[in-house]
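Asker: Attaching a single structure in structure tokens format; questions to follow.
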Amino acid sequence: MLLGEPSPSLAKINTMNMAKLTEKITQIEEEEARVSAKLSRLEVLDPLPDEKIKAVKNLLARLAALKEAAATRLAGKAERKAAREQGRL
């Protein structure tokens, strides 16, 4: 569950390795930039499309939550990896 909705993306994030998590974070950041540009274009239209603006804002919030989840997962994996390497030395 992500922001009260089922999230296949969150399930995929939980199964990714460190390299794929890094790629996913980059991909989410690129998508956030595209969606932000779309939001700024929508906000200057004369009859404001309130429903579209709301949907885009919800998408931005969802992307931010996914990026945070991926970053948290990556940090946890990096921490566990460092702990394993310390144990081997």
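Asker: Ala64 versus (1) closer than 14 Å to Ser9 by Cβ; (2) over 20 Å from the mean Cα position of the chain (by Cα): which is the lone unmet condition?
Answerer: (2)
Asker: Ser36 passes all but one of (1) touching a residue at least 40 places away in the same chain (Cβ under 8 Å); (2) open to solvent by 30 Å² or more (accessible area, probe 1.4 Å); which number fails?
Answerer: So Ser36 meets the others, but not (1).
Asker: Take the residues in the stretch 46-79 that are of a type in the set (Lys, Arg) and over 18 Å from Lys24 (Cβ atoms); name whichever of them is least open to solvent (accessible area, probe 1.4 Å).
Answerer: Taking the candidates together, the pick is Lys57.
Asker: Considering Glu31, Glu43, which residue is on the phi < 0 side of the Ramachandran plot and free of Cβ contacts under 8 Å to residues at least 24 places away in the same chain?
Answerer: Selected residue: Glu43, the only one of Glu31, Glu43 that is on the phi < 0 side of the Ramachandran plot and free of Cβ contacts under 8 Å to residues at least 24 places away in the same chain.
Asker: State which residue pairs qualify: first residue β-branched (Val, Ile, Thr) and inside the stretch 54-71, second residue open to solvent by 30 Å² or more (accessible area, probe 1.4 Å) in any location, beta carbons under 7 Å apart, and separation of 6 or more residues or different chains.
Answerer: Val56/Lys38
The values are calculated or read from the model by the stated rules, or taken from the named source; none is laboratory data. Computed from a predicted structure; not experimentally measured. Neighbour counts run over all protein chains shown; Cβ positions are idealised from the backbone, glycine included. We work out accessible area using only protein heavy atoms, side chains counted, and drop any ligands, DNA or RNA first. Shrake-Rupley method; radii C 1.70, N 1.55, O 1.52, S 1.80 Å.
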